[in-house]
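Asker: Here it is, the structure in full.
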Amino acid sequence: MARTRQAVAMGAQRHGSLAWPLLLSYAVLVVYASLFPFEGWRSQGVAPWAFLLAPWPRYWSGFDVLANLLGYAPLGALLTVALTRTGWPRLAPVLGVAVPTLLSLTMEALQTYLPQRVPSQLDALLNAAGALLGTGVALLLLRWRWLGSWGQFRAERQQPGAQWAWGVLLLWPWAVLYPTSVPFATGQFWPRLEAALWRAAEGSPLQAWLPQSAPLSPPSPLTEALLVALSLWLPVLLGYASLRRVGQRVLFALLFGAAAWGVGTLSAVLTFGPSHAWAWLTPPAQLGLAAAAAMSLFALPLGARAAALLAVLIGGLMLGLVNRVPDPAYLDVALQTWEQGRFSRFHGVSQWLGWIWPWAALVVAARLALRRDGHAGLRPYNPRL
């Protein structure tokens, strides 16, 4: 028994900690949310550290307090876990608080040069408190060995090198939360990129070299259903490529289906209001959900490498289709809810996640498909494990 546990621990160490990719991804999101919209950089004649001695903010809301407090808690928790797993358990609590606090102070100082942002010592204090809270929670989880159980689970049941896949999968709900032309269809960047290129080249000799694409026509109901199915099947295949056993895949597919249903409803509520919670569940979306469920059932017996290769193909097909879909007329009105008000600080993060997520999934899936090891097969379900 001791030898088995030692082998499991060594396997977990070889797989690496999921905390590192999650920490890197979340830190990028924090930086983006702190400096959005990245426009109007200029010196306003104020020292970048002046906010530390400025008067206490007179106007603040409960939402801002919670956002600043809870926004930095994952940074402290992930950094503490990552350092502990790397072999720095004594420095982990100190750095888990210090590094996010320094990052917060840096972000507040840089906001001095953004006219649309207002640096505040209250925000920095709440960020530091959030990092302290996250670090404390992580230390308790480590002491209670809850995270140790997760590491043992990964070593026994996760495919080697799949920690990046799980990091990408955990970002999927945030990527599809932002309103899109077709439910769950992320990666629609080409129309906006083309418009940005035309604006940048307007009046210059480069304008004549840019391609002139024909106006896009709205997708048919069948095409919309196909996009919904492919958009949901891609993360399912990525999850299949990360797991060892059929039973685990069944559980993952069920949990993912529940998460997709919940995120679709939450996105509609945040965009249109609670009275329109089911606005996304159109007949094409229903057909796409049914098709995704059937294809997920079909893919259950596939080997891990085959699932990863199929994810690459499905992702490429989905991106090709979604970038031929124009924005519906109602989308601009719907996006005002995100671009103004309490979501104004976060809508850019969610939008960028929606553009980048399929590409990150393709990279991770290709990495899983091309890995050189002898563990790419699929093991049958064993209830004793």
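The values are calculated or read from the model by the stated rules, or taken from the named source; none is laboratory data. Worth saying up front: this structure is predicted, and the values here are computed from it rather than measured. Using ideal geometry, Cβ is built from the backbone for each residue, glycine included, and neighbour counts are taken over all protein chains shown. Side chains included, ligands, DNA and RNA excluded: accessible areas come from the protein's heavy atoms. Shrake-Rupley method; radii C 1.70, N 1.55, O 1.52, S 1.80 Å.
Asker: Kindly check whether there is at least one residue in the stretch 195-215 that is among the aliphatic types (A, V, I, L, M), buried (at least 17 other Cβ atoms within 10 Å of the Cβ) and touching a residue at least 12 places away in the same chain (Cβ under 8 Å).
Answerer: Looking through the stretch 195-215, none of the residues is among the aliphatic types (A, V, I, L, M), buried (at least 17 other Cβ atoms within 10 Å of the Cβ) and touching a residue at least 12 places away in the same chain (Cβ under 8 Å).
Asker: Quick one: in the stretch 85-119, of everything that is over 17 Å from Y26 (Cα atoms), small (G, A, S) and at pLDDT 90 or above, which residue is least open to solvent (accessible area, probe 1.4 Å)?
Answerer: A92
Asker: If I filter the stretch 251-289 down to residues being open to solvent by 60 Å² or more (accessible area, probe 1.4 Å) and modelled with pLDDT of 90 or more, which single residue comes out as nearest to G167 (Cα to Cα)?
Answerer: Per the stated criteria, the residue is L255.
Asker: Report yes if A294 is part of a helix (DSSP H, G or I), more than 30 Å from R371 (Cβ to Cβ), of a type outside the set (S, T, N, Q) and without any contact (Cβ under 8 Å) to a residue 40 or more places away in the chain, otherwise no.
Answerer: no
Asker: Do you know which of the residues in the stretch 1-58 that are polar (S, T, N, Q), open to solvent by 70 Å² or more (accessible area, probe 1.4 Å) and at pLDDT below 70 is nearest to the chain's Cα centre (by Cα)?
Answerer: Out of the qualifying residues, it is Q13.
Asker: Would you check which residues across the stretch 264-280 are under 25 Å from S220 (Cβ atoms) and touching a residue at least 60 places away in the same chain (Cβ under 8 Å) and list them?
Answerer: Of everything in the stretch 264-280, those that are under 25 Å from S220 (Cβ atoms) and touching a residue at least 60 places away in the same chain (Cβ under 8 Å) turn out to be G264, S267, T271, F272, W280.
Asker: So, one more: Tell me, please, whether a residue that is hydroxyl-bearing (S, T, Y), in a helix (DSSP H, G or I), open to solvent by less than 40 Å² (accessible area, probe 1.4 Å) and touching a residue at least 60 places away in the same chain (Cβ under 8 Å) can be found in the stretch 62-76.
Answerer: Checked against the condition, which is being hydroxyl-bearing (S, T, Y), in a helix (DSSP H, G or I), open to solvent by less than 40 Å² (accessible area, probe 1.4 Å) and touching a residue at least 60 places away in the same chain (Cβ under 8 Å), the stretch 62-76 yields no hits at all.
Asker: Does any residue of the stretch 234-244 turn out to be closer than 21 Å to P179 by Cβ, open to solvent by 10 Å² or more (accessible area, probe 1.4 Å) and either at pLDDT 80 or above or in contact with a Gly (Cβ under 7 Å, 6 or more places away or on another chain) (or both)?
Answerer: No, there is no match, as no residue in the stretch 234-244 is closer than 21 Å to P179 by Cβ, open to solvent by 10 Å² or more (accessible area, probe 1.4 Å) and either at pLDDT 80 or above or in contact with a Gly (Cβ under 7 Å, 6 or more places away or on another chain) (or both).
Asker: Still on this structure: Residues of the stretch 113-133 being part of a helix (DSSP H, G or I) and out of contact with any Phe, Trp or Tyr (no Cβ under 7 Å at 6 or more places or on another chain), which ones?
Answerer: Selection gives D123, A124, L125, L126, A128, A129, L132, L133.
Asker: Within the stretch 164-189, restricting attention to residues that are aliphatic (A, V, I, L, M) and farther than 22 Å from S220 by Cα, which residue is surrounded by the fewest Cβ atoms within 10 Å (Cβ to Cβ)?
Answerer: Applying the filter and picking the extreme gives L170.
Asker: I'm checking my understanding of the structure. Among residues of the stretch 144-194 that are β-branched (V, I, T) and either at pLDDT below 75 or assigned to a loop (DSSP other than H, G, I, E, B) (or both), which one is nearest to S25 (Cα to Cα)?
Answerer: Taking the candidates together, the pick is T186.
Asker: Could you list, in sequence order, all residues of the stretch 216-233 that are of a type outside the set (A, V, I, L, M), in contact (Cβ under 8 Å) with a residue 40 or more places away in the chain and either crowded, with 23+ Cβ neighbours inside 10 Å or not in a helix (DSSP H, G or I) (or both)?
Answerer: Correct list: S217, P218, P219, E224, S231, W233.
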